[in-house]
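To start, the structure itself, in structure tokens.
The values are calculated or read from the model by the stated rules, or taken from the named source; none is laboratory data. These figures come from a predicted structure and were not determined experimentally. So basically every Cβ, Gly included, is an ideal-geometry build from the backbone, and we count neighbours across all protein chains shown. These accessible areas exclude ligands, DNA and RNA; they are computed on the full protein's heavy atoms, side chains included. Shrake-Rupley method; radii C 1.70, N 1.55, O 1.52, S 1.80 Å.
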Amino acid sequence: KQIATRFKNYDEHLVFESMNEEFDGTYGNPSSSAYANLNAYNQIFVDTVRQTGGNNDMRWLLIPGWNTNINYTADDYGFELPTDNYLSSKIGSGEKRIMVSVHYYDPYDFTLNEQGTSTWGSSEEIAYLKSQMQKISAFASSLNMPVIIGEYGAIDKDNFDYRFNYLSTFNMEAANHGIVTAYWDNGFTGIYGFALFDRETNSVTESGETIISAIMG
């Protein structure tokens, strides 16, 4: 409530998200009781932000599922979209101001595991990527909601060609399904970092310039 109140008069460029990769600390299938807690938190988030005044009753809000994971959000594990009871009457009938939020870091061995293989691009990996985009796109459509992939990327393991191919393919598939993406730039430009920008010099990194072109398509 304090955060929403502090920023309530910011314009539509500000978007709030309820939580980041929230789950119970185990990486298996979510329990129904724990997922019910997550759904309840999301509802409290929407109700609280909407009632703080300013532009918050019209602002876009991001709603994640379990660990912001595509499968645990779109498959039958218990995700419930919160109701938007306090949305401004200025928003036209049938219009939405809630988006489904997911992250994507598959395959883990390539994108995040520092000791993992630095290659990517097998037919199986590409097929899985396409199936994930199709799944979350269809799920969001079934809810009549937009969807955003709020985090994705691959760490730098001195494997530029594979990263370029991965990010180019990823964004092409996302665009094909009408999905907006946001690359995870953690500010670290060294080995195993995600950064495309050097925040100390306010400049694009050497490989970042080309990777950005892959992201933009």
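LYS135: which aspartates and glutamates have alpha carbons under 20 Å from its alpha carbon, excluding same-chain residues fewer than 8 sequence positions away?
GLU21, ASP75, ASP76, GLU80, ASP106, GLU124, GLU125, GLU151, GLU173
Accessible surface of ASP161 in the full protein assembly, 1.4 angstrom probe, to the nearest 10 Å²?
So the heavy atoms of ASP161 present about 120 Å² to solvent.
For n ≥ 4 DSSP H runs only, could you compute -39500 (n - 2.57) per run for the chain, divide by its residues and tell me the 222 nm figure to the nearest 500?
Taking each H run of at least 4 residues, the total per residue is -11000 deg cm²/dmol.
Which residues does a label at GLU209 reach in region 173-198, if reach means a backbone N under 15 Å from a point 7 Å past the Cα toward the Cβ?
Taking a point 7 Å out along Cα→Cβ of GLU209, the residues of region 173-198 whose backbone N falls under 15 Å are 196-198.
Could you run the Debye sum over the Cα atoms of region 71-167, one equal point scatterer each and no solvent, and tell me log10 of I(q)/I(0) at q = 0.17 Å⁻¹, two decimals?
Here log10 of I(q) over I(0) equals -0.83.
About the Cα centre of the chain, how large is the charge dipole given +1 on each Lys and Arg Cβ and -1 on each Asp and Glu Cβ? Please answer in debye to the nearest 20.
The dipole of the chain has a size of about 880 debye.
Compare the Cα positions of TYR86, TYR152, GLY116 along the charge dipole of the chain (+1 at Cβ of Lys, Arg; -1 at Cβ of Asp, Glu; about the Cα centre) and return the one farthest towards the positive end.
Positive-end residue among those listed: TYR86.
Using the crude model of +1 on Lys and Arg Cβ and -1 on Asp and Glu Cβ, and no other charge, please compute the dipole size for region 90-211 relative to its Cα centre, in debye to 20.
It comes to approximately 780 debye.
Can you give the angle from 0 to 90° between the axis of helix 160-176 and the longest principal axis of the chain, with both taken from C-alpha atoms, to the nearest 10?
Between the helix axis and the principal axis of the chain, the angle is about 30 degrees.
Give me the accessible area per residue for the chain, probe 1.4 Å, as a whole number in Å².
Per residue, the chain has 53 Å² of solvent-accessible surface.
To one decimal place, what Kirkwood hydrodynamic radius in Å is obtained for the chain from all pairs of distinct Cα atoms?
After inverting the pairwise mean of 1/r, the radius is 18.7 Å.
Report the Cα centroid-to-centroid distance between region 1-79 and region 152-179 in angstrom, as an integer.
Using only Cα atoms, the two centres lie 26 Å from each other.
Please compute the modelled spin-label separation between PHE197 and GLU125, points set 7 Å along Cα→Cβ, answer in nm with one decimal.
The modelled label-to-label distance comes out at 2.8 nm.
Going through region 160-215, which chymotrypsin sites (Phe, Trp or Tyr not before Pro) have at most 14 other Cβ atoms within 10 Å and a DSSP loop state?
Passing sites in region 160-215 are PHE188, TYR192.
Cα extents of region 35-117 along the three principal axes, largest first, in whole Å?
On the principal axes, region 35-117 reaches 52, 24, 22 Å in Cα extent.
What's the carbon and sulfur percent of the chain's accessible surface, probe 1.4 angstrom, rounded to a whole number?
Answer for the chain is 49 percent, counting heavy atoms of protein chains only.
Distances longer than 20 Å among the Cα atoms of region 110-217: what percent of all pairs is that?
So the pairs more than 20 Å apart make up 42 percent of the total in region 110-217.
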